[in-house]
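This report refers to the structure that appears directly beneath it.
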Amino acid sequence: MGRSYIVEDDVEEYLSKLCSQPAGPVTGLLIGQSSVQRDFVVMATRTPQNDESAAAGTSEYKEWVSEHARQVSRMLPGGLSVLGVFIVSESDAKDTLTTLRQLVFSVENLISSEQLWTPAEDDVTDCVTLHINPKTRKTVCRTFDVKDPKSVAKPADWKYQSGVCSSWATVSCWLSIDLLVPLPDTSCLFQEELKVWAQQIERGVCVIDGKKLPEDSEIKTGQVKKNVRQTYTAQLLIAPEVQTVTDVVQRCGGCVSVRGAIHSRAFLHSNKPKAKLAEKRDIISTVATRVHMLLEEPSTQNEQNKGRKQTEQFCLPRRVFCPVKGSGSLSVCDYQFSDEGLSEMTDRFKEMLDMEAAEDDLDATQEMVAEVIESETTAVGLGPSMRPKTALRCPTHSWSPHCFTLEQTSPIISSCRERR
Amino acid sequence: MVLLDSESVVILRLRGPLELKCHADSTDVVLMQKAISRSFEDLRLQVKSESCVLAVCDSPVLIWPNKCVFEEITPDTPCEDVFQLIQTADQDPGGKRSTKKKNRKGLSASVINLSLMMEATKPGPLSAPVLARTIQTSHFLRATLPVDCAVRSGCSDTIKDGCGRLLEALTRQLFDMEKATLRHMRGATLLVPEPLHFLLPEPNGLVTVVFPRGVPDNELEAQRRELHGKFELPDDRPYFRRANAYHFPNEPYKDGYLRNPHVVLTHPALDNGKVFLVQGFYSYHHYMQDRVDDNGWGCAYRSLQTICSWFQQQGYVERCVPSHKEIQQALVDVGDKQTSFVGSRQWIGSIEVQAVLDHLLGVTSKILFVSQGSELASKGRELANHFLSEGTPIMIGGGVLAHTILGVAWSETTGEIRYLILDPHYTGAEDLQVITEKGWCGWKGPDFWDQTAYYNLCLPQRPRAI
């Protein structure tokens, strides 16, 4: 028996709109929540057009789709993820299967390479592919187990339903971060330190509405009423890992701190347990994403001023939420740098998620822009010239988290030096 | 030795690593010490903040002591009642959740373990994070402090009071850790401060002392001397060596040997009699342990092992309990036996025990000789004095069987006497009930001895040291 996908009616509407457009093959991403029994699809978004890129099937195109998926997945709060890929194409469903298979594997590989959290035993590893013939509107749904390189297509059930988005619970919290990491003379991966922090979050005790429930229990009791907005507050209790480090003092070339707070949010379908897992993963992702975003900002300057004490501060982008239309409580998010306006947010929601959002729709109240103390140091906003106009960058410039050290970041950060 | 009265006392024990991180701007030692002090002050503020959470282990109970928030219990819950919310380990995992019934007799029930956590979440909205990068050659200090506080509390004391006292102890411990860290700083090397609990004679009771991890006991004598002065303890026996650290009743001994099986026995009632017992802790060594089949020949070896365990557990020696082979080798080394003795199944007696104690532990022993077992009945005063001044287990051998004497009950007026015997001939499992009910550890009368055989008693003398 294959998996079943319960799909929001709005997604059907979106896909039919793509079918009625005269353009050639269109690919895109399917977004929702997976659970052991069945998956819920709440959004679909087409791959942004790319002037340079070749037709579907080429490796450039595959990278383009994956890069889109990577950026989209950063915009999804806890509980929502990229579930798979669709293609609207007149070719036979059988002929597109190889393309779709390559796309889901490539997408999944890139997204999971950024994940700092540890996958759970029972995480669903099946990804969905959907082929729609714009003429006949015939829809073929197949899944691939992306953790099995030899996996073959399995038929799956694709079923539209109204109100899929309406009975979700929201779990949220504000979490303060206080990371202090030495800057070694030679090499140390900031990524490693983030991982240690992520593990601490994963080990943490999550309390939902004041109750310490077992890790796998559902947050709700009794029948869920539709269209009743349900919100829960999470609290996270953490303790450092017990280590036995004998050498507790090390010489270093400086240090990096990340201090402040983040707003975390996770959405859970009524049949979906694991609220704590979703919330913890969102906490980890939103911090990791922002640190990565800050560090991957391009820079032209590459100056080092050795020997003198220097401190620079950078505001991490703040999280801005945008409600998914007609979906009740669901929202997506983006990250706003201090030099960006809300219009840049709405542009990105349009480009990445094909969403029409007005600036008034955005919720930028959950996180405030940090105030940087000017006495000791100088806050640095990244100048507009340094940010690309379009959010989706060419995949060849994309940043690989595994080869990244703070030493390598110095060109970025030292571009804005202390003015004294 | 004052033992905890499990009937009326609950120990609240709070553990949890706390992370000490600081970036010392300068390589100057004084400035570095200041930075360390600042970091400790930060930690003290953290534990006084509303973020501080105490989680009762294996239970849903969470306590925010500085906000007075108690989940699953009320602030006025007596400490004793918290046990009802603690799940015991022997329940099948994933099975039905039953709660442990209050067990007043069980020693394991008298400790409530709590872990120290920090709430990372806060009421919002708050400011988004700032990344700051400082470039300067400097020192980065990072240590995981193994916080471990224990306070005694009456069963009917409220959990709120208990937690309040735990937090006081925690703040005090952070001060002690700071002091220990700075005291044992050598250049740019730091030693992690490690808290240890010691159960001192009343009125001191359970106290916690911070020692630098990795520094051997013999280098800490000056600090121990200060402690002896502070707690007004005699200067002739160790109280603060690591081996003296208090063993919490709910923690199993990892080596598997039973400790002090005699404590569950009822003392014999003698007219005007007094009881004189071994002081401190020993482990029960007997036949067939350690996968050595010494049934029929190893009793004196086992008795010697019990004595060695006493010296180790009181902190006099760090040497672990010697095996049969090591004992035999020691006797060869001192010239008492031929090389072929090693690996043999030959008996040893009190004189050999004395020689081994001297050679392996540096402990001298007195030998008490009686030509007939019947004479032992008149040795009450000598034995009583031994337990008063030395307090070590006595090995008795001679005619046939070796035994360990752990104490005497003796009446000065009537001369009546009973001997507390630990029998090394036991071959069964470490089952306290069998051992005490079947008399493998028990009180015996003068008729226990072979009235016509001769006996040698080896009375180990404890070194005078702290």
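The values are calculated or read from the model by the stated rules, or taken from the named source; none is laboratory data. Quick caveat: nothing in here was measured; it's all calculated off a predicted structure. All Cβ positions, glycine included, derive from the backbone under ideal geometry; neighbour counts span all protein chains shown.
Here are the numbers:
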item: Lone unmet requirement of (1) touching a strand residue (DSSP E or B) at 6+ places or on another chain (Cβ under 7 Å); (2) more than 20 Å from B:Ala169 (Cβ to Cβ) for B:Val61; result: (2)
item: Selected residue [hydroxyl-bearing (Ser, Thr, Tyr) and in contact with a Ser or Thr (Cβ under 6 Å, 6 or more places away or on another chain)] from B:Thr306, B:Thr339; result: B:Thr306
item: Leading residue by the ranking (nearest to the other protein chains (Cβ to nearest Cβ)) among those in the range B:77-120 that are surrounded by 18 or more Cβ atoms within 10 Å (Cβ to Cβ) and modelled with pLDDT under 50; result: B:Lys100
item: Residue that is part of a loop (DSSP other than H, G, I, E, B), surrounded by fewer than 20 Cβ atoms within 10 Å (Cβ to Cβ), modelled with pLDDT of 90 or more and not small (Gly, Ala, Ser), where the choices are A:Lys220, A:Lys159, A:Lys135; result: A:Lys135
item: Of all residues in the range A:102-118 being surrounded by fewer than 20 Cβ atoms within 10 Å (Cβ to Cβ) and out of contact with any helix residue (DSSP H, G or I) (no Cβ under 8 Å at 6 or more places or on another chain), the one that is nearest to A:Ser20 (Cα to Cα); result: A:Phe105
item: Contacts under 9 angstrom Cβ, first residue in the range A:254-267 being more than 7 Å from every other protein chain (Cβ to nearest Cβ), partner of a type in the set (Ser, Thr, Tyr) and outside any strand (DSSP E or B), 6 or more apart; result: A:Ser264/A:Ser285; A:Ser264/A:Thr286; A:Arg265/A:Thr286; A:Phe267/A:Ser329
item: Selection status of A:Glu63, charged (D, E, K, R), in a helix (DSSP H, G or I) and at pLDDT below 95; result: yes
item: Odd one out for B:Gly164 among (1) within 23 Å of the chain's Cα centre (by Cα); (2) small (Gly, Ala, Ser); (3) more than 7 Å from every other protein chain (Cβ to nearest Cβ); result: (1)
item: Filter pass, B:Phe240 being surrounded by 19 or more Cβ atoms within 10 Å (Cβ to Cβ), in a strand (DSSP E or B) and either within 14 Å of another protein chain (Cβ to nearest Cβ) or modelled with pLDDT of 90 or more (or both); result: no
item: Breaking point among (1) under 16 Å from the mean Cα position of the chain (by Cα); (2) more than 14 Å from chain A (Cβ to nearest Cβ); (3) not in a helix (DSSP H, G or I), for B:Glu194; result: (2)
item: Tally, over the range A:340-372, of residues that are modelled with pLDDT of 90 or more, surrounded by 16 or more Cβ atoms within 10 Å (Cβ to Cβ) and touching a Gly at 6+ places or on another chain (Cβ under 9 Å); result: 3
item: Matching residues in the range B:318-348 - criterion: being touching a Gly at 6+ places or on another chain (Cβ under 9 Å) and surrounded by fewer than 17 Cβ atoms within 10 Å (Cβ to Cβ); result: B:Lys325, B:Arg345, B:Trp347
item: Set B:Phe281, B:Phe276: member being under 21 Å from B:Val408 (Cβ atoms) and not in a loop (DSSP other than H, G, I, E, B); result: B:Phe276
item: Residue within the range B:197-208 that is part of a strand (DSSP E or B), away from chain A (no Cβ under 14 Å) and either in contact with an Asp or Glu (Cβ under 8 Å, 6 or more places away or on another chain) or acidic (Asp, Glu) (or both) present; result: yes
item: Considering residues of the range A:290-321 that are of a type in the set (Lys, Arg) and modelled with pLDDT under 65 only, the residue nearest to the chain's Cα centre (by Cα); result: A:Lys306
item: Which numbered condition B:Thr427 misses (of (1) more than 15 Å from B:Trp449 (Cβ to Cβ); (2) touching a strand residue (DSSP E or B) at 6+ places or on another chain (Cβ under 9 Å)); result: (2)
item: Elements of type helices (runs of 4 or more DSSP H) contained in the range B:297-388, each with 2 or more residues being touching a Cys at 6+ places or on another chain (Cβ under 7 Å); result: B:350-356
item: Selection status of A:Ala93, among the aliphatic types (A, V, I, L, M), out of contact with any Cys (no Cβ under 9 Å at 6 or more places or on another chain), buried (at least 18 other Cβ atoms within 10 Å of the Cβ) and modelled with pLDDT under 90; result: yes
item: Residue match in the range B:249-263 (condition: closer than 17 Å to B:Thr404 by Cα, at pLDDT 90 or above, surrounded by fewer than 20 Cβ atoms within 10 Å (Cβ to Cβ) and of a type in the set (Phe, Trp, Tyr)); result: yes
item: Every residue from the range B:151-184 that is touching a Leu at 6+ places or on another chain (Cβ under 6 Å), outside any helix (DSSP H, G or I) and of a type in the set (Gly, Ala, Ser); result: B:Ser153
item: Count of the range A:306-343 residues which are more than 12 Å from every other protein chain (Cβ to nearest Cβ) and free of Cβ contacts under 8 Å to residues at least 12 places away in the same chain; result: 1
item: Residue list for the range A:104-138, restricted to those being farther than 19 Å from A:Thr47 by Cα and β-branched (Val, Ile, Thr); result: A:Thr118, A:Val124, A:Thr125, A:Thr136
